[in-house]
1. In nm, to one decimal, how far is the Thr126 label point from the Arg108 one, both placed 7 Å along Cα→Cβ?
2. Set the Förster distance to 30 Å, then compute FRET efficiency between Val155 and Arg99 from the Cβ-Cβ distance, nearest 0.05.
3. I need the Debye-formula profile for the range 92-166: one equal scatterer per C-alpha, no solvent, reported as log10 I(q)/I(0) at q = 0.14, 0.18, 0.19 1/Å, two decimals.
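Read the figures in this text as sums done on the coordinates, not as results from a lab. Worth saying up front: this structure is predicted, and the values here are computed from it rather than measured. FYI the Cβ positions are ideal-geometry reconstructions off the backbone, even for glycines, and counts take in every protein chain you see.
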Amino acid sequence: MESKHDSAPPQRVTLERVENNAQVLRNMAEFWHYDFPEIFGTGLSKDSSFGSRGFDRLIRETECFLIRLDGHLAGLAYVQPEDVVRKPDRYFILRKYRRSGTGEEALRLLRAHPDPWRQTVRPRNTGTLGFWRKVLPRQCDEVQEHAERESEDGVRRIEFRFRAPT
């Protein structure tokens, strides 16, 4: 006997490059910031938002992607080209879609770019740190995890460097 779960159609993750829809990106960024108070003790700004510090720079200096699962908005990724590497500046999956494989599949699609990649994570962000530690070795070559150190902005982070398989 077939259960409902067995007959469900496969879920499909897609990336949608966004160039001219700052409002959708700003709305999604609020959800990204929403997770920070429980991790880092931050709070709402005076205008009752979680803040969009650096948002204008992000949409100007990065490639912006919406992550969709079966057409539904599931997350976002800002990919920042650096000197010789690419860096997911913001990589976020909505809570509803976490642990569903959506984040891992979106990363597989993103890393179609052949460049070397780099990702940094704050050590207190244990969920995100666990994601990168689990997913990168399964999907990428030459994965290196560097010890926690202070980055350019004065925040302590763990850095990963990796390449898409050839």
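1. Roughly 2.9 nm, to one decimal.
2. 0.70
3. For the requested q values the scattering log ratios are -0.46, -0.76, -0.83.
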